1. What does the net charge come to around residue 257 if you take all other residues with beta carbon closer than 11 Å to its beta carbon, with K and R at +1 and D and E at -1?
2. May I ask you to derive the FRET efficiency for residue 127 and residue 307 from their Cβ-Cβ distance with R0 = 30 Å, giving the value to the nearest 0.05?
3. Select from the chain the helices, each a whole stretch of DSSP H, whose alpha-carbon atoms run 15 Å or more along the helix axis and whose Kyte-Doolittle mean is at least 0.5; answer none if there are none.
4. Determine the sum of side-chain charges near residue 329: Lys and Arg each +1, Asp and Glu each -1, restricted to other residues whose C-beta is under 13 angstrom from that of residue 329.
5. What whole number of Å gives the distance from the Cα centroid of region 225-270 to the Cα centroid of region 278-355?
6. Can you list the lysines whose alpha carbon is less than 21 Å from that of residue 188, not counting same-chain residues fewer than 8 positions off?
7. In whole percent, what relative contact order does region 297-355 give with Cα contacts below 8 Å and a gap of six or more residues?
8. Quick check on the chain: helices-only [θ] at 222 nm, where DSSP H runs of length 4 and up contribute -39,500 (n - 2.57) each and the sum goes over total residues. Nearest 500, please.
Amino acid sequence: MRKVVSVALSCAMVLSLAACSSGGAITAGNTAESSAPVADSTQAAAPAGNGDILSFGTGSVGGTDNVVLEALSSVVNSNTDLRTSTVTTSGGAEIISLIDSGDLQAGYSGTIDLVNAKNGAEPFSVAIPEEDMLQGFGFVTWALPIVVLDKSDIKTYEDLEGKHIGFPPAASSSTMVLNLVLDAYGIKDKVKVDYFTWSEGYTALKDGRIDAFVGSYANGSPISGIVETEATNPIRILNMSSEVEKKVKGMNSGIGSAILTSEECATIPAGETYLAAANSGVVIFKADVSEDDVYKYTKCAIDHVEDLKKISAYFDKFNDVAMKACTEDIPFHPGAAKALKEANMWSDNFRVYGE
């Protein structure tokens, strides 16, 4: 299986680099998506950095992390002597495993995945060494409330008992977060769950095939499925209790919380705040990527944030989330920490690897 994955990654990297060298948009091939537990990685890690091509793993094409990592790769390749490529995978958990095996040198991961990897919790079969997933900087926090159509009689999370809920794919970080939320409410085994892509899930909600789905607000902005749904069917967010917030945080310290208001969802009463569980996206590096290379990459992102904003609105709040989106459980790569400190963006509640 590992040989198959390695071959797929090699092909994807060739396609990505071909697009980069021809001046076109950076692209990458797809590896197979799987919900199976991530296997123990035993392959020796390949050296990275020092002028070599840095391979970054992303999630599926068009997702927030994929858009962000490809934009970063384009700007870094244009403004530094680094060469970077992107490879699509099934998501953050697989990326951590591929960095651990040496198939990738860097990529995206969710904070929930980082904590699960550190602890050897599902979907990881063993604990992953922290040197294989050092933090660089954060780029997004996804608020993940349960949403219903505004006309629904479901008013609270407790009302979901006995209902039919839609979740994103079973292996996704968002589904992992919401499973813990339902568990904290004591209703995880009292609901019927079906899995959809994001677009299919919102269609099922509009059609009445499910009673509720997962909302996703990236740095406060609703994803396209929510915008399209609300054009004809206003939605309503369920408010998570502060008690459940604490329970979920105790289950996985990589899960944060986000505040939503009427600015994000029109059906929230003016002046009120709603609480939602949150997962954050972080750029991570293998420890043997040189300090100089990671410094250049991080500094380029900081120095060229205005260029990045022109590519994607996901960078509009970059300076706000670069540190806040990260988890205190995993140290930072020394090169990233150096660039963040120089930019006066560093927060002393975080650790630097090796210090």
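What follows is calculated from the coordinates using simple rules that are stated; it is not laboratory data. Note that this is a predicted model, so its numbers are computed, not measured. All Cβ positions, even for glycine, are placed from backbone atoms using ideal geometry, and neighbour counts span all protein chains on display.
1. Numbers: positive: 246, 249; negative: 245.
Net local charge, residue 257 excluded: +1.
2. Efficiency for this residue pair is about 0.20.
3. Counting only whole DSSP H runs, the qualifying helices are 2-21, 173-185.
4. 0
5. Distance between centres, Cα-based: 26 Å.
6. The reachable lysines, counting only those whose Cα sits under 21 Å from residue 188, are 155, 163, 246, 247, 249.
7. This gives 37 percent for region 297-355.
8. Rounded to the nearest 500, the figure is -11000 deg cm²/dmol.
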